[in-house]
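Asks: To start, I am sharing the structure in question, which I have written as structure tokens.
The values are calculated or read from the model by the stated rules, or taken from the named source; none is laboratory data. It should be emphasised that the depicted structure is a prediction, and the values quoted were computed from it without experimental measurement. All Cβ positions, even for glycine, are placed from backbone atoms using ideal geometry, and neighbour counts span all protein chains on display.
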Amino acid sequence: MQCPFCKEEVLDGAIKCKHCGSIIGTLPGQATVIDHSDFGELFVTSMNVWKDNLVDLIILTLVFMLVVFIPIANAGFIAGYVRSLLKVTRGQGRPEVGDLFNAWDCFGNLLLYLVLNMIAVVSLHFVPLVGSLATVAFLFIVAPGMYAIIDNKCGAIDAYKWSLESIQANFVNWLLACLVGTVITCAGTMALFIGIIVTAPFGALIYINQYEKVKPI
């Protein structure tokens, strides 16, 4: 393989370039560091997956919107939705409604993670002056951890640790994925709200493709 910094040849799987000393890989469980310039490619990849599976994604998202408001059980439906999008992103099949009901193996860890995040958000709201800003920052930092739990069934503490490491190592790309994905998703609400079933999967795919680039080993 070639070092992305000095362009010299190094051994496949190397963690550090022997020529320039740059970190070019990760140890198991660590966050991957990637070039911030590839967000355009990530966006195009997400758009192509979205277009190629648009009808299936609309149906999946419509059903998801109907069941996600069920208390407690919605953690399982969120996991199912994310796994369905991961499946189609990885070319492992079409997104199917049945996927929503087949992700209960990570239910406990995900529910705990979501409850802890909710407690933190409520607490931050009581912080004078900067409470709202701190809440947004906190949700941004912990969001990737949810995907690690759903994909790898890791525990809540490991999810927090990896999420923070990944944000630190890939801040710009995570920020772009969050902002662009949110804007695209919210754009659907302007089309009599029903448009969200069209735009939401596109926004989610952008975030998922970012996760795919830096997912824990």
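Asks: Restricting attention to region 118-152, and to residues there that are in contact with a His (Cβ under 8 Å, 6 or more places away or on another chain) and among the hydroxyl-bearing types (Ser, Thr, Tyr), which single residue is modelled with the lowest pLDDT?
Replies: Ranking the candidates gives 132 first.
Asks: Report every pair of residues separated by at least 6 positions or lying on different chains whose Cβ atoms are under 8 Å apart, first residue within region 151-162 and touching a residue at least 12 places away in the same chain (Cβ under 8 Å) and assigned by TED's automatic domain parsing to the domain that holds residue 76, second part of a helix (DSSP H, G or I) and of a type in the set (S, T, N, Q).
Replies: The qualifying pairs are 153/109; 154/109; 155/109; 156/109; 159/109.
Asks: Could you pull out the residue among 171, 138 that is surrounded by 15 or more Cβ atoms within 10 Å (Cβ to Cβ) and aromatic (Phe, Trp, Tyr)?
Replies: Step by step, each of 171, 138 is checked, and only 138 is surrounded by 15 or more Cβ atoms within 10 Å (Cβ to Cβ) and aromatic (Phe, Trp, Tyr).
Asks: While we're looking at this one, here's another question. Based on what the data block shows, is residue 148 buried (at least 21 other Cβ atoms within 10 Å of the Cβ) and over 28 Å from residue 54 (Cβ atoms)?
Replies: So residue 148 does not fit the description; no.
Asks: Right, something else. If I ask for residues that are closer than 11 Å to residue 95 by Cβ and either at pLDDT below 95 or under 17 Å from the mean Cα position of the chain (by Cα) (or both), which ones from region 39-56 would you list?
Replies: 49, 50
Asks: Only one residue in 110, 57 is assigned to a helix (DSSP H, G or I), surrounded by 15 or more Cβ atoms within 10 Å (Cβ to Cβ) and in contact (Cβ under 8 Å) with a residue 60 or more places away in the chain, so which one is that?
Replies: When all the criteria are applied, what remains is 57.
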